[in-house]
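The values are calculated or read from the model by the stated rules, or taken from the named source; none is laboratory data. What you see is a predicted model; the values in this text were computed from it and never measured. Quick reminder, even Gly has a Cβ in these numbers, built from the backbone with ideal geometry, and neighbours come from all protein chains shown.
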Amino acid sequence: MMLIYIVFAVLPMIFVTAYNYSQTSRILKEKSYQDMQQNMETTAKSLETFFESYSTIMDILYTNQTLYTYLSIDYTELSYGEMFYYTDRQLLHSIISLFPGIYRVSFHSSNKTLPRDNYYFYQLDQIPDGFMEKADIKSGSAVAGGVVQRNDENYVGLIRKMNYYASGEVVNYLLILINIQELNEGFLQNSGSRQTYLIEEGGQLLAASDPSMVGRNISVMLPKWRELTASGGGKTVYLDDQSVICMSMDVGLGMRLIMTEDQASLLEEAEGVTRRILVIFAVSSLLVFGVIFLYGKMSAIRVDKVVYAAKKLGDGQFDYILQDMGGDEIGQIAGAFNLLNERIQILIQDNYEKKLMIKSSEMNLLQEQINPHFLYNALSVISSMSMRENGKRTVECLRYLADFYRISLNKGREVIRIREEMDLLQNYMKIQKIRFGEDVDIVYEAEEDVLEYNTIKLVLQPLVENAIHHGRRDEEALHIRVCVSRGGAGRIVYEVSDDGVGIEPERLVKLRADLKQSQGGFGLKNVDIRVKLHYGEDYGVNVESTPGKGTKVCVEIPERE
């Protein structure tokens, strides 16, 4: 009953609750994806516009041939006052005053003669770590280098290699530092469960809705962020071991915008409703289980008896009877079980006896087919001899025939020792030798210890008779070899081979098919059927033959003492 309640009440309720939760979660996630997508596209466009101004400034300075000339000439014997005046006027009055978000514009040059004021002009080794390599990779395009700290403040650094008018060995780099606070306040505001990050291509956070995270590497929080940026779109990932919905988008200058939504916060309300439903259902289920348990305990002893009896039945013990089971439903089941056991025992006994009778009848019928057949042939031989001689050999032949039937009849037993089977065959061949003389020659080979095993009778005689009848050539002697030996795997092998005319391939195929279907010639079919009836389908007759060279017939039986 508990199982029924679980299957038809508990499981459906769990499935419905799980389905409802999954559908609600899916809808919330889809709405979150759509909202995040719109928010990200808006923020990305704003950032692109924001950085486009700085990119334009870098383009102007990048293509300024006069500025590049000032940076590249040899000041060993020249005054650099004009150069400072031009640079200050271009930068301070024309650029920095128009863009208050710019903290510093500076140039880093390999020109050893260029004066260094550490305000506009710096050495190459004063470029922040990693910036130069990124600029070299971009080969003249502006790129976000990372976060630069000046006077305990963080700034976003944009760098560009000034190779537009490059000549000689002088290398110059343009570096612009931008106030991060303007980015955080203008574009990456904190919105509770939703966080936004602006990263450079190395993973360093240039700006974030949480300003305290600026300068950290996002790989610490989101190890697979590169896969996310490569695949795009939204997916559920783990950020600082918390499940979040994450989306990313390229905003240019080697920067990428990543937006996350805390999945736990998003699904908190749906999870709360689901938990309340499950708690209510769990309490009601416990009450139902208690009632079922009390009811089941009352019938447990008798049910255990029925189960035990069923196991006995499954183990094949059909005489086990249930006692004193009462008159209720369980008692009626016990009574039906006892009746079933009694009927099974009767059916098994009847079926077993019928099978024994059928098998015995079939064996006897096959045996009876051999005896008249052999008797007819033997009497034909004796009749022929009686007409040709005075009777001495006739008496001898009759004695051999009597010995054959003494062993063959064997008081009605169908199982004899292999030694007796060999004696029976030798008596048969004595009669045939009288008939055929030197035209038939036979050799016996038998392992001594094998002769004491049991066999059904009249296995070898039909095989030898078949060889004589079908294998003899006119005016040529037929040589027969009879071998009895162990064949391995607990088997004994009878082998009768001759050097007679053999069997044509077409006839051999048909003979094997007839044996497989229990059809065909009298002798081989009779032996094959009797062996299979007595020992099973794994045993029987196997025929091999080569036309003009002879035939070999093998019969396998199990070793039985």
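Tabulated data
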| read-out | value |
| --- | --- |
| Leading residue by the ranking (nearest to the chain's Cα centre (by Cα)) among those in the range 476-490 that are over 20 Å from Pro462 (Cα atoms) and loosely packed, with under 14 Cβ neighbours inside 10 Å | Ala489 |
| Of residues in the range 144-202 being among the small types (Gly, Ala, Ser) and part of a loop (DSSP other than H, G, I, E, B), the one modelled with the highest pLDDT | Gly202 |
| Cross-chain or 6+ apart pairs with Cβ under 6 Å, the range 216-231 first and crowded, with 17+ Cβ neighbours inside 10 Å, then assigned to a loop (DSSP other than H, G, I, E, B) and modelled with pLDDT under 80 | Met221/Asp240 |
| Among (1) without any contact (Cβ under 8 Å) to a residue 24 or more places away in the chain; (2) touching a Leu at 6+ places or on another chain (Cβ under 9 Å), the one test that Ser94 misses | (2) |
| Where Phe107 falls short, out of the listed (1) buried (at least 20 other Cβ atoms within 10 Å of the Cβ); (2) over 28 Å from Tyr85 (Cα atoms) | (2) |
| Evaluation of Ser141 against (1) free of Cβ contacts under 8 Å to residues at least 24 places away in the same chain; (2) more than 56 Å from the chain's Cα centre (by Cα) (one fails), failing number | (2) |
| Residues of the range 519-561 classified as free of Cβ contacts under 8 Å to residues at least 12 places away in the same chain, more than 20 Å from Ile468 (Cβ to Cβ) and touching a helix residue (DSSP H, G or I) at 6+ places or on another chain (Cβ under 8 Å), total | 1 |
| Residue satisfying condition, being buried (at least 17 other Cβ atoms within 10 Å of the Cβ), on the phi > 0 side of the Ramachandran plot and either free of Cβ contacts under 8 Å to residues at least 24 places away in the same chain or of a type outside the set (S, T, N, Q) (or both), within set Leu424, Leu458 | Leu458 |
| Selection from the range 465-475 of residues that are surrounded by 13 or more Cβ atoms within 10 Å (Cβ to Cβ) and of a type in the set (Lys, Arg) | Arg472 |
| Asn179 within 22 Å of Tyr62 (Cα to Cα), surrounded by fewer than 21 Cβ atoms within 10 Å (Cβ to Cβ), in contact (Cβ under 8 Å) with a residue 60 or more places away in the chain and touching a Gly at 6+ places or on another chain (Cβ under 8 Å) | yes |
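Per-residue answers, yes or no, for (1) at negative phi; (2) of a type in the set (A, V, I, L, M):
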position	(1), (2)
Thr87	yes, no
Gln90	yes, no
Ile95	yes, yes
Asn118	no, no
Phe121	yes, no
Ser139	no, no
Ala144	yes, yes
